[in-house]
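Note sheet for the following structure.
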């Protein structure tokens, strides 16, 4: 099954270098328990800032800063190493801007499996299907696919959480990127998170 294959790839790429020990596939009521905890985590966030490291499918590494604001719904990933691009999400659009070429491409925010980040009230169960849920030591991996997506290999995201404290530590995305110059899958690791600190709307200006 394609989704099972994707899940195995996610685990191999994301976790083997960093964790060891017992892993347990979660099912039934335990999935619902963790799903409720994930929704509660996101719904308690008004702003989110962190540094990030991104690794492409070919092993290329980038880094930069990530910030998100729920009201109004906006998100930004500013790449500083190498300083070549910026991603802005606002007005229901995703803007990919190449700093060197001074070119941009635009797509709908709803094409991303991470669009629920910006919903006024996060309801994962309404919008996403849980493919797999795995617990590895102090980490939780939940793999989702958009419910309305007919392509099993498009719009799949693995969210990774630490359990103590319960906190988002990264994600891995699988999606069709034919229109974007992006290596897929991509893995994003978050570090030095700052939650519910003031973020000015000016942070997201420009690139329209």
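The values are calculated or read from the model by the stated rules, or taken from the named source; none is laboratory data. Predicted model only: the values in this text are computed from it and were never measured. Glycine also receives a Cβ, built like all others from the backbone with ideal geometry; neighbour counts cover every protein chain displayed.
Exactly one residue among 199, 173, 182 is surrounded by 11 or more Cβ atoms within 10 Å (Cβ to Cβ), in a loop (DSSP other than H, G, I, E, B) and at pLDDT below 85, and that residue is 182. Of all residues in segment 84-128, exactly one satisfies the criterion of being part of a strand (DSSP E or B), within 21 Å of residue 39 (Cβ to Cβ) and at pLDDT 85 or above, namely 89. Restricting attention to segment 98-116, the residues being in contact (Cβ under 8 Å) with a residue 40 or more places away in the chain and either buried (at least 18 other Cβ atoms within 10 Å of the Cβ) or out of contact with any strand residue (DSSP E or B) (no Cβ under 8 Å at 6 or more places or on another chain) (or both) number 4. Being in a loop (DSSP other than H, G, I, E, B), loosely packed, with under 13 Cβ neighbours inside 10 Å and at pLDDT below 90 is a condition met by no residue of segment 34-56.
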